[in-house]
Structure formats: structure tokens, C-alpha cells
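Any read-out appearing in this document is the output of simple, stated calculations on the displayed coordinates, not a laboratory observation. Worth saying up front: this structure is predicted, and the values here are computed from it rather than measured. Quick reminder, even Gly has a Cβ in these numbers, built from the backbone with ideal geometry, and neighbours come from all protein chains shown.
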Amino acid sequence: MRARKLSLSCEILCEGGKMGSLRAILSNPDDLYPLLKLKMAARHAEKQIPPEPHWGFCYTMLHRVSRSFALVIQQLDTDLRDAVCIFYLVLRALDTVEDDTSIATEVKVPILMDFYRYIYDRDWHFSCGTKDYKVLMDEFHHVSTAFLELGRSYQEAIEDITMRMGAGMAKFICKEVETVGDYDEYCYYVAGLVGLGLSKLFHASGKEDLASDALSNSMGLFLQKTNIIRDYLEDINEIPKSRMFWPCQIWSKYVNKLEDLKYEENSVKAVQCLNDMVTNALMHAEDCLKYMSELRDPAIFRFCAIPQIMAIGTLALCYNNVQVFRGVVKMRRGLTARVIHGTKTMSDVYGAFYDFSRMLKSKVDGTDHNSRETKGRLEAILRMCRDSGTLSERKSYIIRTEPKYNSTLIIIIFIILAILIADLSSTRPNNMCKFLKKIE
């Protein structure tokens, strides 16, 4: 499992160059304000690093290995925020061991199996990984020290999930993903268990009832399968050796070898296989909607809802899109910012799922082998959204409208706001927040 696959990334702050960003804003001027809000929220989150050395290390490392995740958890209350931060870093470390192909199997498997014990050891560390992940592993004692300061119910939840995930990872070190059953099992170990663990942490905080394992598992699998689909090209080209998780039971219907999907002469078969994979992922969407509809705490709700909307949006973009096998397919960062800025209630979630599902359905070709099943799953999602009775309140994330302003005016506004941000954020950070609230 790639570390990036623990959660669907919203890496909008470092995507693309300045000219590409400007062109995107000129085409979608309504993206400008959400982008500014998100930029300031990221800066604010980075300023909230705790003073204690071990907690300072943990939150600094969180920003380094996943800026988007750090931004989302910043909204949680302090005790739950700390627990989720440590949970995430523990799983990142576990994931780093699994991913490092330089570690011999006979060394790696025992570490994965015993990792849940190491989180209690302030002196344990293991050198592996690269860049920030190597720093995390070399200085893991900071994570263990912070873990030991969490409440016992949080510790037990993190220990339990780490133990089960490590055992599952160890199992798949020597096992290929052959069947759809293998695929679901692997995704359960590396992502479904994350969903179960978060549900346990939410419950331990006293803010939520304990969600069922089935619904929690679906929350993880929906994100994991979306990332596995989206990251095909990056994963298949990985050096020195790729680790792929598209099940043979699906791809073997279209090509002889999984890598054949990336070759232009197999484009038609590749897209058919891609659509098969997307259809498989859609089976979890209804469970995700049910899980989110039962959440009570606004901060926990946003924490859960934003990645799920990103997942359905990413599936809508990937479906029937040969570019998955040519490069990177992701939502434009302005649209991502609008999702993050505009997701506050369950009606927002129903609206986004409804719009993205309609977008996906419009791309279904009746000649595709799985078109009937794909449409059936999309209809079930659309029906659930309609039955909520909230669609009249929805915000449309994907329906394009003509720009309300001419290009020259937009450029002038962009420059003025950029100057304001540079001035206010560098010398008076609180003033920037006040400014954005005034124009909201």
C-alpha cells in the first residue's frame, strides 16, 4: 500500500504552475475565493504547531507527509485531533515499512506483525523509507511519546487497528491480488481498518455513536479503490518494482498482462477494464452516504465528508477516460477548494454525490460490457440522494456556468488579492482571517 493511499489526497496547494493556475481561474472565476480561503486555512494550520518537542515533531511531520490531511484534522477538537494525528502517523510508519522494497521479506514480515508493540516503546526506531518518511522512521520515538500521552481508549483503538493492519500487510507481502475477493480483503486491511479505527476514535471522544464495521469498512474501501484506479500509471511505472492491486479476475478479461493496459494499441480494452474497476468501486457509495448521514458532530462530519466527495468526483473524471493510462487525472484544484469550502451539511453531500453521479452516468456507453451494472449502481446512488429530500438545497460543483467577469477584471482582482495576502499574512495573520470573513 502506498502511503498516499490511506486517504484520498486533496493536494491542491502544490499542483501545477502559476500560469496553469491563472488559466484555470480565468476559466472558473468562482474558484478564486474558495482557493484564497483554502490557502489561508493551510497557513493557519501550519501556525498551530504545539510547543512540546514530541507534539511539535508529530504535527510538523503531519504537514510534511500530508498537508491536505493536516488541514482537515485541524478542525477537530484538541483531544480527538491529537488522537487522529498519532493514528495517522503510526499507519504512515507502518506503511513505510511495507512499501520499502529494499527490506528483505524475512525482516519485513516480523516488523509488520509486531508493529503494534513498538508504539509503546519510546526507544524504538527503524531506518527505512526516503525523504520525510525516513525522518519519521528515524525519529519515531516522538510518535511513541505522544501516543503514550493519549487517553487509554484512544490507545486501545490505535493498538487494535495497527495490530490487525500489520498482520494483513504481512499476509499480502507474499500474496498477489488475484480475485475480487482478494482485492476487497487487501483494501480492508489497508483502508477499511482505517475506517474502523476512526469510528472507534470518534466513539472514544464521546461525540459519536459507534458505527457498524460494515459501514466503516465501506468508507475506507471507497477511498482506497478510487486511489488504486487513479494511480494505475504511477504504480505500474514504479522503480525498482511495481506493486499493483488491480485484481487479475478483472483485468485478465481484457489483456494478458496488467502492464498492457498502458500501451496505446490497447486503449479500447484499457478503458473497458477501467470502467469495470470504477463500477466495482461504486458499490460502496450508498454505505458511505448512510455512514455520513448518521454523524452528529460538525467537525467530524466535514472530516469524513470532504474525502468522500473527492472520491466520487475522481471516479466521475476517471470513468471512460483513457488519460488514466497516459498521465494524472484529478479534479482541478479550484473545484477541490470549492468542495472543501462548501461542504458543511449532509445536503451538500447529497448534492455533490447527485451531481457527480449524473456526470458519470452521462459518460456510460451502452456498448460497454458493464454498462447495465454501472447504470444500476448509479441509479441507486441518485435515488438515495433524491429520497433525502434535500436536493433543492444543493450546490452544483460540476455544472459549468459562463464567467460573470471579463478576463482583464479577473486578473486585476487576482493581483490585488495576491498583494493583500502577501501583506496581511506575513505581518498580521489574524487580519487576513478577518478580511476573508468580511467578504464572505
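Structural remarks
- Along its first, second and third principal axes, ordered by size, segment 175-222 spans 41, 15, 12 Å in Cα coordinates.
- Taking GLU178, GLU159 and counting other C-beta atoms within 10 Å, the order from fewest to most: GLU178, GLU159
- The packing ranking, built from the mean of other Cβ atoms within 10 Å per residue, places the peptides 143-152, 83-92, 254-263 in the order 83-92, 143-152, 254-263, highest first.
- Rg ratio (alpha-carbon, reference 2.2 N^0.38 Å) - segment 265-325: 1.41
- Each distinct pair of alpha carbons in segment 207-400 adds a 1/r term; the inverse of their mean, the Kirkwood radius, is 17.3 Å.
- Under the simplified labelling scheme, the HIS141-GLU264 pair shows an inter-label distance of 5.6 nm, with each label point 7 Å from Cα along Cα→Cβ.
- Projected onto its three principal axes, the C-alpha set of segment 100-191 covers 42, 32, 21 Å, listed from the longest axis down.
- Stretchable slack from THR78 to ARG296, in nm (0.36 nm times residue separation minus alpha-carbon distance): 76.7 nm
- Segment 244-284-segment 316-368 distance, computed between alpha-carbon centres (Å): 20
- Here the Kirkwood formula puts the hydrodynamic radius of segment 31-175 at 15.9 Å, using every distinct Cα pair.
- Separation of the ASP160 and ASP213 label points, Cα + 7 Å toward Cβ, nm: 1.0
- Taking other Cβ atoms within 10 Å as a rough exposure proxy, ARG302, ARG296, ARG243 sort from fewest to most as ARG296, ARG243, ARG302.
- Table column - 3J(HN,Hα) (Hz), segment 344-354, Karplus curve with 6.51, -1.76, 1.60, x for Gly and Pro: 10, 10, 5, 5, 5, 5, 4, x, 5, 4, 5
- Between ILE239 and ASP114, the simple spin-label model (points 7 angstrom out along Cα→Cβ) gives 3.5 nm.
- Ordering HIS125, HIS203 by the number of other Cβ atoms within 10 Å of each residue's own Cβ, fewest first, gives HIS203, HIS125.
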